[in-house]
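This report refers to the structure that appears directly beneath it.
Just so it is clear, none of the values below were taken in a lab; they were calculated from the coordinates. The model shown is predicted, which means the values in this text are computed figures rather than measured ones. With ideal geometry, Cβ positions are generated from the backbone for all residues, glycine too; neighbour counts draw on all protein chains shown.
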Amino acid sequence: MIYATDYPGAEKLRERRNHTISIMSEAAAANGSPSPAPTPEVPATELAQLALEDEPKVSVADQFKAFSKFGDSKSDGKLITLSQSDKWMKQAKVIDKKITTTDTGIHFKKFKAMKISLSDYNKFLDDLAKTKKVELSEIKQKLAVCGAPGVVSVSAGKAAAAVDRLTDTSKYTGSHKERFDASGKGKGIAGRRNVVDGSGYVSGYQHKDTYDNAH
């Protein structure tokens, strides 16, 4: 069995166990009973579970406050706009093929306000979930665990587009173009060096080895 001695939360779990053992030992001594056997080192799986339990949970309310301030330095985190909500939902992958920005716009505008409170936002989510036949708990779970407001997904998209552009051999020119065949496969050394052709044919001749020797 693998044990973790430095896992986050390990010290806290040891303290709990040692405290329990200490109490049991004192009770045993008072009754004249033998002390309990020492407890073995804490398994890594148990420590991992403790770390997860001790990790602070982020709620929809916390995320609401964070995203309502996103892009608005004057916001106090009590009201959120449709634009901020859409950014939040996109980051949380709530907006997808089933739920679109058209849907969120229709339901948000029912409140007839540019910004709505957390209480109204919960009503907005409930209405949206019922209309689109999606579990409300699933939407809230995604909104809670999507991470802090940011442009991570946008940056990733731009990076992917840049990689695609730089690796598209059909757009290469000059000497770089000569390093790949029509399918985009690299030619290896032949594409990097000017290999001398001693066949006697003029460079660029397209009908090599097609002449009938019988003539």
Exactly one of A92, A129, A66, A113 is touching a Cys at 6+ places or on another chain (Cβ under 6 Å) and at negative phi, and that residue is A92
Counting only residues that are at negative phi, surrounded by fewer than 19 Cβ atoms within 10 Å (Cβ to Cβ) and not hydrophobic (A, V, I, L, M, F, W, C), segment 69-89 contains a total of 9
